[in-house]
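Enquirer: Mind looking over this structure? Questions follow.
Please treat every number below as a calculation from the coordinates, not as lab data. Quick caveat: nothing in here was measured; it's all calculated off a predicted structure. Cβ coordinates were reconstructed from backbone atoms using ideal geometry, including for glycine residues, and neighbour counts include every protein chain displayed.
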Protein chains: 2
Amino acid sequence: MRASQYLIATVKETPSDAVVISHQLMLRAGMIRRLSSGLYTWLPMGLRVLRKVEAIVREEMNRAGALEVLMPVVQPAELWQESGRWQQYGPELCRLNDRHNNEFCLGPTHEEVITDMVRNELRSYKQLPANFYQIQTKFRDEIRPRFGVMRSREFIMKDAYSFHDSAESLQQTYDAMYQAYSRIFERFGLDFRPVIADNGSIGGSGSHEFHVLADSGEDDIAFSDSSDYAANVEMAEALAPTGERPAASQALTKVATPGQHSIEDVSQGLNISPAQIAKTLIVLGEAEDDQEAPLVALIVRGDHELNELKAEKLAGVASPLQFASEEQVKNATGSAPGSVGPIGLDLAMIIDRAAAHLADFVCGANEEGYHYTGANWDRDCTISGNDKVSIADIRNIVSGDPSPCGTGTVQIKRGIEVGHIFQLGDKYSAALNASILNKEGREQVLTMGCYGIGISRVVAAAIEQNYDDNGIIWPDAIAPFQIAIIGMNMQKSEQVSEQCELLYQQLTDLGYDVILDDRNERPGVKFADMELMGIPHRLVIGDRGLKDGNIEYKGRRDSDNQYIAIADILDFVNNTLSKP
Amino acid sequence: MRASQYLIATVKETPSDAVVISHQLMLRAGMIRRLSSGLYTWLPMGLRVLRKVEAIVREEMNRAGALEVLMPVVQPAELWQESGRWQQYGPELCRLNDRHNNEFCLGPTHEEVITDMVRNELRSYKQLPANFYQIQTKFRDEIRPRFGVMRSREFIMKDAYSFHDSAESLQQTYDAMYQAYSRIFERFGLDFRPVIADNGSIGGSGSHEFHVLADSGEDDIAFSDSSDYAANVEMAEALAPTGERPAASQALTKVATPGQHSIEDVSQGLNISPAQIAKTLIVLGEAEDDQEAPLVALIVRGDHELNELKAEKLAGVASPLQFASEEQVKNATGSAPGSVGPIGLDLAMIIDRAAAHLADFVCGANEEGYHYTGANWDRDCTISGNDKVSIADIRNIVSGDPSPCGTGTVQIKRGIEVGHIFQLGDKYSAALNASILNKEGREQVLTMGCYGIGISRVVAAAIEQNYDDNGIIWPDAIAPFQIAIIGMNMQKSEQVSEQCELLYQQLTDLGYDVILDDRNERPGVKFADMELMGIPHRLVIGDRGLKDGNIEYKGRRDSDNQYIAIADILDFVNNTLSKP
């Protein structure tokens, strides 16, 4: 492509409404333009990236045996009423009426439509497993669209849905999708992690999110420094400390801690580490029938955070987790929440594994303005063999913890969720009565999986991970152009112009995506534009270099030029670039 | 692709709600499924065709220098208010509100959005001409969606918009698009015609429709049997008859024609050809200020049809054309419409060229139940030199007329409009104030062209042109698969199975799209399915053939098999098929 025939729509100023770097750079590099809140036009330069992302996803989905279909954007309300989501889905579901006043919605996802298609088309277990996908425009009416195409209202998604007659078959396709996703993100050239995620009521390892690691990510990912293990922090198990609990060495002492309500207050007031404090939180338990819900004490170390998702999954704890009111806490403990502790407390207790390993610790004395020091389990508060006490994992994992997989130490990084694979079970197939005749000749409701990739989101996430002060740094596989050729003084020097054209032709013939910057602009403008737009490889041709028989090469991450002999340039490019 | 791993969703019965053949066959062949009125899911087999159509369009648009973008489906009302179309567009425009109650529509077309983009991005004449296209989902809320994807509500369109600083530049891009469209439809392998079309107020040759010829088409196309000329019947000029008007040979005679009101009545009653009758139609003329509109008589031959589009463009005729009421006709002529004629008529008259060449003709006598025979112009009704009379082309061209291009004779065929190129002028650029700085440094409003192809419609049109009793007959270039390999008794015969697998691998490696029907079905089922789905080339491998060293080949349009030696089969395929 010749830059003079292209739309180079770079902008110098950082747009004031763009907060995150990918949004800023996509606007500045002329990749997208805002049409309205959460609605973006993809300009030619941005669309090239989007199409490369699409192509890689399509290739790998096909390779994994999934079949591509294309479902409508506009979906009839009837199907959503059948699944129950017409009522459940909030205002993110954009509803509309046609000219005959029939109700429709703009599809934010296509479980209903594909399940309807499958219940009509598939009749026998012999047609299973089946896995259908599409790459398609979706709409979610976000209350606050932001971050450009990272959280837009209209976006492009690859969504796939698989259908099975057994859990084993679902697991096989799920594993194949896991592998396909791993290949896809590897081919993108992005640093990513498949991350164990929550899959609601189904349990097991039936859900993984694929995260692109980036400091600006919205999610915390815990991963092992020595294995492939990675999980959403909310999901990662915090293992019990190894070894015996240390023996008691201090006497239990009640100390005045006036005005000290938070862990930080107490830690400073008593000059001890938060890790030596047992923090007691009172929540609602499970109510029996019409009875008032009993209270439950959750105890974690002062330097740890309660993991609500883990806690609310435990027997005896109300789900979703609800903290007791200050009044309820006072009635049950005789103290405000800031001075509550396990000693003498007449409530069911769930103690985190790390907190249960403490000795000579500090805790609230259940008396306003007082704490205990030198507290020790069993000596001061019986937990072994106590029916009302259980020990469980109820905290967030932290950096430095042993990895739940048994190998290595946990590190925490931030990630951007760009993919999600999920074992749906029969949620939709049961509601829509999608069944087949099984081997025994009986009607059997199908089991489903679903698998999404945020195509437009991948583009933004790639930038969040790969940029510098000068702009975007595209990985080769999804760069709009792989190579920029810039001629110095091209309009005046015939030999520069000729060499540019020759090289442009040669590299294009070799199958590379090349942009020849033949605009009548100063070299500085061309350099800046090509860097801003993130073209990963740059070849500069000038009279001076040609005199020495050289072409200058600079990789987008390099700090220095390399001088390559003209005769060697094609070999050099072939060796340096991964072919398209 | 192995058929056992694919979704072969053929159906034996013709669906009762499908009227046209393409709709029937797309459903029966498992190409599409109806989700709701005018909404279709593309199944894998159909989507392959759609993607091939898209790919050819994309390649040729790129080759013609157009730049691909992607605009949102959902568009803000503000832009449509700016262009005025928010008010003008009827209920086909699907309007909706977002959660904040802002107004949007689902884009049926993207003139506003692209013009908004261009007014923000293009600043100088140096950036012109520019031509942007997209291949994208559109929505039109048709009052009566029908014919499957031929007239659906959600559909895929390639729409392009070009921007210019002069009419000459627009004409150049228009011509390039004309060439690109011609290449596109040629590559599809369809019998098509670029057809001169109406472009409203702009005039000139600024609009062409591209029609796929098919008996089921909704439009009549007039084309020359000896040149490239083709025009929508409404647009084709009917030339004046050559030579002198024959001399009068009969006396003017008033004859009773009781109850004979139509041309057919009079023709039968008087036993003369309709071609010998002058038909007089009274319409409204152009009113001056507040005055009542005068009446105008339009006269065409009895075997010809008035062309309203031609008539309403003439000076003195109201546009849009309006017929006078029966009362108005009686007041002006003294007779009901069925007995009106030019002799003695005190109205402005416009006589069609062919009607003006009549001699000894029949016409109404302006007296209920009477006609004249032996009427002759000038002798009985002065037209030469008469200010109130003009002679013009106001009829539809008919088969057998001389071609307007001057070469050959006109034939009429039916066509399906699948593409349209159009010189828009400044309709949108002026309304949205899209301007650039011209060479003189002055602000200048842009001139625009637009260019559409109905991507999903092409698929249906291709079928309307190419089918037989057994199903679809795809042209090679857009066939879902080019070659079907069918093994006879494949499940039991090891040598058949091995030869099938070998050939499948060889042809796939050569780059052909091959479907290997490895389903455990009877050969008859496989033959029928592959024919219904329109796979253009079939190779059958059986024990009997293998004994003789042969593979059976049959083209989808062939009536007989050919027996090809196994050693020659790859050469045979290479020679027979156009490569992908």
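Enquirer: Distances from A:E440 to the same position in the other copies: list them in nm, one decimal, shortest first, using label points 7 Å from Cα along Cα→Cβ.
Expert: List, nearest first: 8.8 nm.
Enquirer: Sticking with this one: Which value results when the Cα radius of gyration for chain A is divided by 2.2 N^0.38 Å?
Expert: Ratio of Cα Rg to 2.2 N^0.38 Å: 1.21.
Enquirer: With no solvent and one point on each alpha carbon, what is the Debye value of log10 I(q)/I(0) for the protein assembly as shown at q = 0.04, 0.06 Å⁻¹?
Expert: Cα-only, vacuum Debye calculation for the protein assembly as shown: -0.32, -0.67.
Enquirer: Mind checking the dipole of region A:222-275: about its Cα centre, +1 per Lys or Arg Cβ, -1 per Asp or Glu Cβ, Debye to the nearest 20?
Expert: Result for region A:222-275 is approximately 420 debye, rounded to the nearest 20.
Enquirer: Hey, another quick one. Given axes a ≥ b ≥ c from the Cα gyration tensor, I'd like to know whether region A:458-545 is rounded (a/c under 1.5), prolate (a/b larger than b/c) or oblate.
Expert: It comes out oblate by the Cα gyration axes.
Enquirer: How much net charge surrounds A:C94 when only the other residues with a Cβ under 13 Å from the Cβ of A:C94 are counted, with Lys and Arg +1 and Asp and Glu -1?
Expert: -1
Enquirer: Report the charge-dipole magnitude of region B:256-346 in Debye, nearest 20, computed about the Cα centre from +1 at each Lys and Arg Cβ and -1 at each Asp and Glu Cβ.
Expert: For this selection, approximately 440 debye.
Enquirer: Summarise the partner chain shielding of A:135-141 as one whole number: the mean count of Cβ atoms from other chains within 10 Å of each residue's Cβ. Don't skip to the end; give the middle numbers.
Expert: Values: counts 0, 1, 6, 1, 5, 0, 6.
Mean shielding by partner chains, rounded to a whole number: 3.
Enquirer: Any idea which of B:A565, B:V525, B:G449 is furthest toward the positive side of the dipole for region B:449-580, if Lys and Arg beta-carbons carry +1 and Asp and Glu beta-carbons -1?
Expert: The listed residue farthest towards the positive side: B:G449.
Enquirer: Something else about it: So for region A:92-151, averaging the separation of alpha carbon pairs under 8 Å that are six or more residues apart and normalising by length, what relative contact order in percent results?
Expert: So the answer I get is 41 percent.
Enquirer: Please list, in chain and number order, the residues 5+ apart from B:L295 or on another chain whose amide H is under 5 Å from its amide H, with Hs placed from the backbone.
Expert: Excluding prolines and chain starts, which carry no amide H, the hits are B:G285.
Enquirer: Give the nm distances, rounded to one decimal, from A:E92 to the matching residue in every other copy, measuring between label points 7 Å along Cα toward the beta carbon; shortest first.
Expert: 3.6
Enquirer: Where a Cα-Cα gap under 14 Å defines reach, which aspartates and glutamates qualify for A:K126, not counting those fewer than 8 residues away within the same chain?
Expert: Once the sequence-local aspartates and glutamates are set aside, what remains near A:K126 is A:D165, A:E440, A:E443, B:D518, B:E521.
Enquirer: Give me A:H357, B:H100 sorted ascending by neighbouring Cβ count inside 10 Å, so fewest comes first. Present the calculation step by step, with values, prior to reporting the outcome.
Expert: Working: A:H357 19, B:H100 9.
Sorted ascending by nearby Cβ count, the order is B:H100, A:H357.
Enquirer: Now a separate question. With Cβ to Cβ distances under 12 Å as the rule, what net charge do the other residues near A:G408 carry (K, R +1; D, E -1)?
Expert: Overall, the nearby charge balance is -3.
Enquirer: Moving on. Taking the Cα centre of region B:64-162 as origin, sum charge times position over the Cβ atoms of Lys and Arg (+1) and Asp and Glu (-1), and report the length of that vector in debye to the nearest 20.
Expert: Charge dipole, region B:64-162, about its Cα centre: 280 debye, nearest 20.
Enquirer: Also, I was wondering about something else. Note down the net charge around B:L170, summing +1 for each Lys or Arg and -1 for each Asp or Glu among other residues with Cβ under 13 Å from its Cβ.
Expert: -3
Enquirer: Something else: Separation of region A:330-364 and region A:381-416 by C-alpha centroid, Å?
Expert: 18 Å
Enquirer: Chain B: which residue's Cβ hugs the B-to-A rotation axis most tightly, distance rounded to whole Å?
Expert: Taking the axis that maps B onto A, the answer comes out as B:L96, 2.
Enquirer: A further question on this structure: Using Cα pairs under 8 angstrom and six or more residues apart, how large is the relative contact order of region A:18-117, in percent?
Expert: That works out to 18 percent.
Enquirer: Would you kindly state how much longer the chain becomes between A:E498 and A:T576 on full extension, computed as 0.36 nm times their sequence separation minus their alpha carbon distance, in nm to one decimal?
Expert: 25.7 nm
Enquirer: Where the centre of each part is set by its Cα atoms, how far does region B:90-144 sit from region A:238-274, in angstrom?
Expert: Distance between centres, Cα-based: 64 Å.
Enquirer: Quickly work out the A:E264-to-B:H261 label distance, labels modelled 7 Å from Cα along the C-beta direction, and quote it in nm with one decimal.
Expert: Label at B:H261, label at A:E264, 9.5 nm between them.
Enquirer: Going 7 Å from the Cα of A:D387 along its beta-carbon direction, which residues of region A:275-290 have the amide nitrogen within less than 15 Å of the resulting point?
Expert: No residues fall inside that zone.
Enquirer: In sequence order, what are the phi-derived ³J(HN,Hα) couplings for region A:537-551 according to the Karplus relation 6.51 cos²θ - 1.76 cosθ + 1.60 with θ = phi - 60°, rounded to whole Hz, with x for glycine and proline?
Expert: Running phi through 6.51 cos²θ - 1.76 cosθ + 1.60 with θ = phi - 60° gives 10, 10, 10, 10, 10, x, 4, 4, x, 4, 4, 8, x, 10, 10 Hz.
Enquirer: With a Cα-only, solvent-free Debye model of region B:373-497, what are the log10 I(q)/I(0) values at q = 0.13 Å⁻¹?
Expert: Treating every Cα as an identical point scatterer, log10 I(q)/I(0) equals -0.98.
Enquirer: Apply 1/(1 + (r/R0)^6) to the Cβ-Cβ distance of B:T242 and B:E186, taking R0 = 41 Å, and write down the FRET efficiency to the nearest 0.05.
Expert: Once rounded, the FRET efficiency stands at 0.70.
Enquirer: Over region B:107-243, consider all pairs of different Cα atoms and compute the Kirkwood hydrodynamic radius from their mean reciprocal separation; express it in Å, one decimal.
Expert: For region B:107-243, the Kirkwood estimate is 17.7 Å.
Enquirer: Next up: Among B:D517, B:D219, what is the fewest-to-most ranking by other Cβ atoms within 10 Å?
Expert: Going from sparsest to densest Cβ surroundings: B:D219, B:D517.
Enquirer: Label-to-label distances across copies for B:D290, with labels 7 Å out along Cα→Cβ, in nm, shortest first?
Expert: Label point to label point, same position, other copies: 8.3 nm.
Enquirer: Continuing with the same structure: Angle between the Cα long axis of helix A:111-121 and the longest principal axis of chain A, 0 to 90 degrees, nearest 10?
Expert: For A:111-121 against chain A, the angle is about 80 degrees.
Enquirer: Of the options B:L70, B:V57, B:Q88, report the single residue whose Cα projects farthest towards the positive end of the charge dipole of region B:25-108 (beta-carbon charges: Lys, Arg +1; Asp, Glu -1).
Expert: My answer, from the dipole projection, is B:V57.
Enquirer: Report the extension gain between B:S16 and B:N331 in nm, rounded to one decimal, defined as 0.36 nm multiplied by the number of residues separating them, less their alpha carbon distance.
Expert: 108.2 nm
Enquirer: Then there's this: Given the Cα-Cα distance of A:E168 and A:Q5 and 0.36 nm per residue of separation, how much length would full extension add, in nm?
Expert: Result for the pair: 53.3 nm of gain on full extension.
Enquirer: Quick one: if the Förster radius is 56 Å, what FRET efficiency do B:E292 and B:A528 give, using the C-beta to C-beta distance and rounding to 0.05?
Expert: Once the sixth-power term is evaluated, E becomes 0.25.
Enquirer: Shifting gears a bit: From Cα pairs below 8 angstrom and at least 6 apart in sequence, can you work out the relative contact order of chain A, rounded to a whole percent?
Expert: Contact order relative to length: 17 percent.
Enquirer: Charges on Cβ only, +1 for Lys and Arg, -1 for Asp and Glu, centred on the Cα centroid of chain B; of B:T280, B:T173, B:W377, which one is farthest towards the dipole's positive end?
Expert: B:T173
Enquirer: First measure r as the distance between the Cβ atoms of B:N62 and B:E82, then evaluate 1/(1 + (r/R0)^6) with R0 = 41 Å and state the FRET efficiency to the nearest 0.05.
Expert: Step by step, r from the Cβ atoms, then E = 0.85.
Enquirer: Considering amide H positions built from the backbone, and no H for Pro or chain starts, which residues 5 or more places from B:V389, or on another chain, come under 5 Å of its amide H?
Expert: The answer is B:M349.
Enquirer: Which of rounded, prolate or oblate describes region B:77-126 when judged by the alpha-carbon gyration tensor and an a/c cut-off of 1.5?
Expert: Since a/c reaches 1.5 and a/b is larger than b/c, the shape of region B:77-126 is classed as prolate.
Enquirer: For the modelled label position 7 Å from the Cα of A:I272 along Cα-to-Cβ, which residues of region A:318-360 have backbone nitrogen atoms closer than 12 Å?
Expert: A:358-360
Enquirer: Let me ask something additional. Among A:K52/A:K158; A:K492/A:K547; A:K158/A:K427; A:K254/A:K279, which pairs are too far apart, with a Cα-Cα distance over 18 Å?
Expert: Flagged as over cut-off: A:K158/A:K427.
Enquirer: Classify region A:215-369 as rounded, prolate or oblate from the Cα gyration tensor: take a ≥ b ≥ c as the square roots of its eigenvalues, call it rounded if a/c is under 1.5, otherwise prolate when a/b beats b/c and oblate if not.
Expert: oblate
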